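Read through the structure below, which is laid out as structure tokens, and then see the notes.
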Amino acid sequence: MTGTISRDECLVLNEVLGYKTPSGCYSLSHNNGTDAFSYPNDKPFVGEDAKRHRNTWLMPNLARRLTKNSPHHVSNWRKPVSVDKDECQKIRQLLEDKLGKKDANKKLPKACQI
């Protein structure tokens, strides 16, 4: 069983567990959520960037045009946080230790709920 944890669920885990959250979730706590490149997003290009090509000083008219749809572009670096059965068990145990069994089930991500 493999599932993904949403950005909102990651933020809740960060509040409760701090640095003990899965590594993908912990990195989401270091930004304010306004930068579309810093979290998994279907449409990272907004406003003028979505419509127009922006020149770069490094390789004018070339760099962005070649890389925008590439799987190696910076907009594709951040992948959704995926968890397997073992990681879900660890998250459940950490939440139970911190909050108790009743409240731990409320904070558990949907991917980990049985």
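Values for this structure:
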quantity: Out-of-range pairs (alpha-carbon distance over 32 Å; input LYS79/LYS101; LYS43/LYS107; LYS43/LYS102); calculated: LYS43/LYS102
quantity: Ranked packing of 92-104, 8-20, most packed first, by mean Cβ within 10 Å; calculated: 8-20, 92-104
quantity: Pairwise label distance in nanometres, LYS106 with THR2, each label 7 Å out on the Cα-Cβ vector; calculated: 3.3
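Bear in mind these aren't lab numbers, they're just calculated from the coordinates by the rules spelled out. None of the values given here were measured: they were computed from a predicted structure. Reconstructed Cβ throughout: ideal geometry from the backbone, glycine too, with neighbour counts over all protein chains shown.
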